[in-house]
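The values are calculated or read from the model by the stated rules, or taken from the named source; none is laboratory data. Not measured: the values here are computed from a predicted model. Using ideal geometry, Cβ is built from the backbone for each residue, glycine included, and neighbour counts are taken over all protein chains shown. In case anyone asks, the SASA skips ligands and DNA or RNA and just uses the protein heavy atoms, side chains included. Shrake-Rupley method; radii C 1.70, N 1.55, O 1.52, S 1.80 Å.
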Amino acid sequence: MNEYVIVMDKQYIGYPLYKSKGCIMIEPYAYLSNSKIFRKLRSIIYKYNKEWTIGLNKKLIGISKTYILYDSISPVVANYIRKNNPDARIIVYYINPEKYSYKFKEYEKSDAEIWTFDESDSMKLNNRWNPLIYFGTKTAVENEKKEYDVVFVGADKGRYSQLIDIKKELNNRGISTKFYIMPSSDFPLFNKRKYSKRISYEENINLILESKVLLDIMQVNQTGYTMRIPESMVNHIKLITNNMKISEYDFYTPNNIFIIGKDSYDSLFDFVNTPWDHSKDEYIKDLEFEYWIRKFKL
């Protein structure tokens, strides 16, 4: 029996990384995991029938001592694992604030151990906090010529107007930008905003590696840092963020991280065009897979 397995659809971010690290991966559903229509249908069924098990992967039974799930996996899957593996440890890891995902209490029936990237949410969970890590399998080449000055890749999540304002501010200062603002929903039928088409996480990483600086804009009431932080730090790509708490982390230096609301926009052009400061590189290892998996004390 395996010490742990990670329960995840193949299309989710992190899958290639975990696979490359030798993790045992198992999909939660037996079929049609990649279909948007069936994902939506499953979510509707699970909302009204928590006992529905048709279509769940029977390979989830008896394969491991510990099961690690993302918060994108329905509590129905956690219940199914618990029912068929009564002695297993089930970890549900939130890569989203609770307000944008399943509520913690929805996993109570499965007796799952809830962990989160969000420091505020972790206060409800006896401090079970584990920060986000770099999910890419490729890293940037130092001193390679970059295609863009500042790149943003992410879903709207209520940030659209703020992102457009920042883009204009950057462009007015002679800083080139590439913004991929994608819809928050799979079906943005009644939203007239000009969204970018959805891209894969691999395409996301390729864009990141072609940039000098990443833009990170937190969601309202979010306290944990986003994936932009490990994506930038691990790749020695600078960061512009509105996360005021980032200055409290060991890897912080104002030479690599520009804080909106604290630092002056007048210094942005020089910030974008000066080299990476290596003085805090020793702390970046905490943003990688090995640190993340150790935090669960497996």
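Points to keep in mind about this one:
- Over region 146-298, relative contact order from alpha-carbon pairs under 8 Å, at least 6 apart, %: 21 percent
- Karplus-derived 3J(HN,Hα), 6.51/-1.76/1.60, for each residue of region 9-21, Hz, glycine and proline x: 5, 4, 7, 6, 4, x, 4, x, 5, 4, 4, 5, 8
- Of Trp292, Trp115, Trp129, the residue with the largest accessible area leads and the full order is Trp129, Trp115, Trp292 (1.4 Å probe).
- Straight-line reach from Lys167: taking Cα to Cα under 16 Å and skipping same-chain neighbours fewer than 8 places apart, the aspartates and glutamates in range are Asp149, Asp156, Asp216, Asp266.
- In sequence order, region 270-277 has phi-based couplings of 5, 4, 5, 9, 9, x, 5, 8 Hz under the Karplus curve 6.51 cos²θ - 1.76 cosθ + 1.60, θ = phi - 60°, and Gly or Pro positions carry x.
- 3J(HN,Hα) from dihedral phi, region 124-133, Karplus parametrisation 6.51/-1.76/1.60, rounded to Hz, x for glycine, proline: 7, 10, 6, 6, 7, 10, 9, x, 5, 10
- Computed FRET value (nearest 0.05) for Phe296 with Thr139, which takes r as the C-beta separation and R₀ as 25 Å: 0.55
- The value obtained for region 47-193, namely the Cα convex hull volume divided by the number of residues, is 188 Å³ per residue.
- Kirkwood Rh, angstrom, region 210-298 [1 / mean 1/r, Cα pairs]: 13.8 Å
- Length gained on full extension, Arg198 to Asp111: 27.8 nm, using 0.36 nm per residue less the C-alpha separation.
- Only protein heavy atoms count here; on that basis, with a 1.4 Å probe, Phe269 has an accessible area of about 100 Å².
- Translational diffusion coefficient of region 136-294 (Stokes-Einstein, Kirkwood radius from Cα pairs, 37 °C, 0.692 mPa s): 201 µm²/s.
- P(r) weight above 15 Å for region 106-173, C-alpha pairs, percent: 75 percent
- Net lengthening on full extension, Ser161/Gln11 (0.36 nm per residue, minus Cα-Cα): 51.1 nm
- D by Stokes-Einstein for region 80-127, Kirkwood Rh over Cα pairs, 37 °C, 0.692 mPa s: 290 µm²/s.
- Convex hull (Cα only) mean projected area of the chain, reported in nm² to one decimal: 15.8 nm²
- Heavy-atom accessible surface of the chain: percent carbon and sulfur, 1.4 Å: 51 percent
- Accessible area per residue for region 164-298, computed on protein heavy atoms with a 1.4 Å probe, is 51 Å².
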